[in-house]
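Note sheet for the following structure.
Just so you know, all these numbers are worked out from the coordinates, no wet-lab data involved. If you're wondering where the values come from, they're calculated on a predicted model, not measured in any experiment. For neighbour counting, all protein chains shown are included, and Cβ atoms are generated from backbone atoms with ideal geometry for every residue, glycine included.
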Amino acid sequence: MFENFNLDKIKLSDKYFSVRRETAKKYVNDFDINRLMHTFRKNAGIESLAEPLGGWESEECNLRGHFVGHFLSACSKFAFSDNDDCLKTKADNIVKIMAECASENGYLSAFGEEMLDILETEEDRGVWAPYYTLHKILQGLVDCYLFLNNKTALSLAVNLAHYIRRRFERLSYWKTDGILRCTRVNPVNEFGGIGDVLYSLYEITGDRKIFDLADIFNRDYFIGNLAADRDVLEDLHANTHLPMVISAIHRFNLTGEYKYKHAAQNFYKYLLGRTFVNGNSSSKATSFKKGEVSEKSEHWGAHNHLENSLTGGESESCCAHNTEKIVQQLFAWTEDERFLEHLEILKYNAVLNSTSTVTGLSQYQQPMGTGVKKNFSGLFDTFWCCTGTGIEAMSEIQKNIWFKDKDTLLLNMFIASTVQWDEKNVKIVQNTAYPDNTVSVLTVSTSNPVSFTLMLRKSQVKSVKINGKSFNFIADNGYIYIKRIFNNNDTIEIEIDSSLHLIQLKGSENKAAVMYDRILLAQLGQKPYLDAIDCDNVNQRLIKAGSPLLSFKICDNEDGCTEFIPLFRVEDEIYSVYHSFSPLFPSRFQSTEDLLP
């Protein structure tokens, strides 16, 4: 089974991913932990003179504390990946403050236990997702233990888990069902991926009571229906239920119970019918009524009906990060090349695209309509859910580029990077400026000749040269296999197969987006240049520019030219992703499902 390398074995050197990673890391490094932990100290009755944070981490917000969990996870991963002692000390200090704030009964949060009392009593009055926040805190503690071996963090996580267990043990079946049934629009009882982190805690401790607690969060209204081949996604809140699938996957990997694997596989099939060209999902609920749910809400609509979904609030960034985790696991189960393609589409067009090149912070939604603009989190006054997942995503952005399995190395993405394969005592350096050019050169560094197989995805590759000589490959199951004894300084030169194509918006007869290979292009400016062009002429009308950076231009006689660039390069420009085409040629458009399983 293919697996990712540990985070410290991949070093990025490109000008897109590595730069945003370093910007996010600097934000984490510079953050004042006294401000970060202000509400934890206040909740514990400990004096704090720090300046309070704003937005969703303000003293008045019931979600306060959620960002702290994400921050601790990101800090731990950055510290581990880069062997950064300063960030390790910062993570350890956060845990030390948490230990000072923890109650004797194990409770640890930035809000009082009364929020859980209210949730148990009335389910939705005046609360905002308390178990969602507790999940983030638990995950931060578990990550601090896994990556930095902080045993205090593990002890705090175990104590908090048993506190939660004791609360649920005193509740009836129907009370528990009411608390954890997240079927309303914008559910205030959202509980995130708490089941997943509890399974991780069980793996660490072997504590069966924690395993049983994790099972409580596998809700039958969702997982059970998916396992029974029923598509129940319509109108559900997307990022409430994506983590539930991650938890079900974890349960299958622990126990081998087919129900949970089947549920995840069915979920993915149903998800594809709600997936945008960037590989991500979420938009308004089908049952939208004014005053009931925002048009910019984070739900799933009907299968294969995204024609009315471009409201400016589509494609929540949190969903992209969680979808990547699901698709990564589906690939591990199947080794199907199409899951790797989905990972690549997500990585460039939803994960990288989520993050500002200036601040390293995230968008909430990722608009893909006409004449839209990105809106990134503020430094200290926003703290959306996606602010937290954003910095955490940047702390592990190097995953899913390279995979390994015994004697096989799999290259999934052309991102300049170095992989250290300890089991083979070999290092591979990938030099490429993709997508700005279409060549990638791999250089082998090894003290002794080493035998292994290098796997490439056939859909990406136009030609291969080994040490300057053409390699006549034969593809099998979507892969190219290069099996040989590699010597020090051997090179593998890959010409990347890239072309323009259109991807249709599901449910729309005439809206489509333009992609170059797996890179989603955005038109800059307000004017809809593609509206009057039939789809057959796109390759003739979009001219690749001579700039060192990937771009295309299209011109008309009246208004001159406009530029198309990768969506991930857009920062503060007005842009458009989906365009109208006339006359209609829907049969000639590709679907996202043509690209994906």
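Details
- Peptide packing: for 448-459, 507-518, 393-404, the average count of neighbouring Cβ atoms within 10 Å per residue gives the ranking 393-404, 507-518, 448-459, highest mean first.
- Low-density loop cleavage sites - GluC sites (Glu not before Pro) in the range 151-244, where at most 13 other Cβ are within 10 Å (DSSP): none
- Neighbour counts of other Cβ atoms within 10 Å put PHE147, PHE2, PHE471 in the fewest-to-most order PHE471, PHE2, PHE147.
- Take every pair of alpha-carbon atoms less than 8 Å apart whose residues are at least six positions apart; their mean separation over the length of the range 470-520 yields a relative contact order of 22 percent.
- Relative contact order of the chain, defined on C-alpha pairs under 8 angstrom at six or more residues apart (%): 14
- By the count of other C-beta atoms within 10 Å, a proxy for reagent exposure, LYS296, LYS26, LYS506, LYS553 are ordered fewest to most as LYS26, LYS296, LYS553, LYS506.
- Couplings for the range 563-580, taken from phi via the Karplus curve 6.51 cos²θ - 1.76 cosθ + 1.60 with θ = phi - 60°, read 10, 10, 10, x, 4, 5, 8, 6, 10, 10, 7, 7, 8, 9, 10, 8, 10, 8 Hz in order; Gly and Pro are left as x.
- Loop-located GluC sites (Glu not before Pro) in the range 32-73 (DSSP state not H, G, I, E or B) with no more than 11 neighbouring Cβ atoms inside 10 Å: GLU47, GLU60.
- C-alpha center-to-center spacing [the range 372-435, the range 437-469] in angstrom: 20
- Whichever lysines have a C-alpha closer than 19 Å to that of LYS553, once near sequence neighbours (fewer than 8 apart) are set aside: LYS527, LYS544
- Those chymotrypsin sites (Phe, Trp or Tyr not before Pro) in the range 183-241 that DSSP places in a loop and that have at most 10 other beta carbons within 10 Å: none
- Efficiency of FRET from Cβ geometry, LYS269 and LYS527, R₀ 51 Å, rounded to 0.05: 0.85
- Å³ per residue enclosed by the Cα convex hull of the chain: 155
- Sum of -39500 (n - 2.57) over DSSP H runs of 4+, divided by residues of the chain (222 nm, nearest 500): -11000 deg cm²/dmol
- Partners of LYS374 within straight-line reach, counting lysines whose Cα lies under 17 Å from its Cα and excluding those fewer than 8 residues away in the same chain: LYS296.
- Shown for THR240, THR355: other C-beta atoms within 10 Å of each C-beta, ranked fewest to most, produce the order THR240, THR355.
- Expressed per residue, the C-alpha convex hull volume of the range 176-327 stands at 102 Å³.
- Angle between the chain longest axis and helix 151-169 axis [Cα atoms, degrees, rounded to 10]: 70
- Within a straight-line Cα-Cα reach of under 19 Å, LYS90 can be paired with the following lysines, leaving aside sequence neighbours fewer than 8 residues apart in one chain: LYS25, LYS26, LYS77, LYS136, LYS151.
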